[in-house]
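Notes for the one structure printed next.
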Amino acid sequence: PALIRLTRLDTLQGDLTSARTHAERCLEISKQTRGAEHIDTAYALESLGALEVAAGNFDVALERFAESVRIVEDNDGPQELAATAESNAAKALCELRRAPEALAMVDSALTRFDGSDAPPTEVLLTKNTRIRALVDLGRYDDARIAVERALAAWAKHPGRGGQREALFENLRIEVATGRKRIDPEAARALLEDAEDPALRRRVERWIRKARP
């Protein structure tokens with residue numbers, strides 16, 4: 001729906017007030033015209049959940065995603081939608097420092113994506129979140145292998161920003177394992193051409209916390 005596209009565009013551009021107006025209107029229209037249990041309502045809930053993640057309302061976002069997944073499952077709906085909701089829920093769980101739950105959620109999302117018609121970049125972004133959870137858990141060897149695979153895959157999709165995110169996770173691994181000291185300028189250089197405002201916030205927050 002057009003309102004969902006507008007919500008995502010506004011969220012990406014950082015206009016969260018406009019995004020919320022579109023997202024809440026979309027959910028209201030869907031419930032009134034299609035019903036609270038319709039798949040269109042599940043799409044609207046997932047979109048609103050993604051907005052809540054961008055706004056930092058992670059617990060609220062998790063409720064939206066859970067409801068979206070429930071509707072999909074109750075209606076034998078598209079697994080791609082449930083996978084997207086779980087992928088974004090994993091991001092929220094990472095922000096809440098609930099890495100074990102994030103890893104389980106992202107693995108569920110990847111299972112749902114398997115065999116679906118989801119765009120390759122969406123699956124790769126989910127794999128990036130999995131790397132983040134592995135790093136948060138201190139599973140650096142597993143994370144390093146996943147980063148190598150992710151970078152090889154992202155090389156086929158330049159300009160998407162996901163490659164920058166994978167490189168950032170690699171930098172986190174190198175600093176955490178003592179192979180490198182944190183270099184704020186090198187970290188910020190990863191943000192060149194990166195469109196994701198959430199990644200920018202993560203890098204800046206990491207620089208502040210990890211600086212020796």
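The values are calculated or read from the model by the stated rules, or taken from the named source; none is laboratory data. Predicted model, so just to flag it, every value in this text is computed and none were measured. Reconstructed Cβ throughout: ideal geometry from the backbone, glycine too, with neighbour counts over all protein chains shown. Calculation scope for accessible area: heavy atoms of the full protein, side chains included, ligands and nucleic acids excluded. Shrake-Rupley method; radii C 1.70, N 1.55, O 1.52, S 1.80 Å.
Whole angstrom only: what separates the Cα centroid of the stretch 88-141 from the Cα centroid of the stretch 3-51?
The stretch 88-141 and the stretch 3-51 have Cα centres separated by 23 Å.
What do you get for GluC sites (Glu not before Pro) in the stretch 1-56 restricted to DSSP loop and a cutoff of at most 16 other Cβ within 10 Å of the site's Cβ?
Sparse-neighbourhood loop GluC sites (Glu not before Pro): GLU37.
Which order, highest average first, do 112-119, 65-72, 144-151, 128-135 follow once you tally other Cβ atoms within 10 Å for each residue and take the mean per peptide?
128-135, 65-72, 144-151, 112-119
Taking loop as defined by DSSP and a crowding limit of 16 other beta carbons within 10 Å, which GluC sites (Glu not before Pro) in the stretch 160-193 fit?
GLU192
Using the heavy atoms of the protein chains and a 1.4 angstrom probe, tell me the accessible area per residue for the stretch 109-212 in square angstrom.
Values: 5810 Å² over 104 residues.
Ligands and nucleic acids excluded, the figure is 56 Å² per residue.
How would ARG5, ARG139, ARG202 rank on accessible area, largest to smallest, probe 1.4 Å?
ARG5, ARG139, ARG202
Evaluate the Debye formula for the chain with equal point scatterers sitting on the alpha carbons, no solvent, and hand back log10 of I(q)/I(0) at q = 0.10 Å⁻¹, in q order, two decimals.
Debye output, listed in q order: -0.43.
If you average over every viewing direction, what projected area does the convex hull of the Cα atoms of the stretch 109-191 give, in nm²?
Values: hull surface 22.5 nm².
Its average projected convex-hull area is 5.6 nm².
On a full-extension model of 0.36 nm per residue, what is the gain between ARG205 and GLU185, subtracting their alpha-carbon distance, rounded to one decimal in nm? Walk me through the numbers on the way to the answer.
Numbers: separation 20, 0.36 × 20 = 7.20 nm, distance 1.36 nm.
Full extension of this stretch gives 5.8 nm more.
Name the most mobile residue of GLY138, GLY77, GLY178, meaning the one with the largest mean-square fluctuation, in a Gaussian network model of the chain with Cα contacts below 10 Å.
It is GLY178.
Quick one: how many lysine pairs in the chain have C-alpha atoms under 29 angstrom apart, if they're 8 or more apart or on different chains?
Count of close lysine pairs: 10.
Take the solvent-accessible surface of the protein heavy atoms, probe 1.4 Å, and return the percent of it on the stretch 1-64 that carbon and sulfur atoms account for. Mind showing how you got there, number by number?
Numbers: 1760 of 3360 Å².
Roughly 53 percent of what the probe reaches on the stretch 1-64 is carbon or sulfur.
At 7 Å along Cα-to-Cβ for each site, give me the label-to-label distance between ALA66 and LEU12 in nm.
Here the modelled spin labels are 3.0 nm apart.
Can you show me the helix-derived [θ] at 222 nm for the chain, built from DSSP H runs with n ≥ 4 at -39,500 (n - 2.57) apiece and divided by the number of residues, rounded to the nearest 500. Please report the intermediate quantities before stating the final value.
Working: 11 runs with 163 residues, N = 212.
Mean residue ellipticity, 222 nm, calculated: -25000 deg cm²/dmol.
Rounded to a whole number, what % of the accessible area of the stretch 123-206 do carbon and sulfur atoms account for, probe 1.4 Å?
On the way: 2070 of 4460 Å².
Its accessible area is 46 percent carbon and sulfur atoms.
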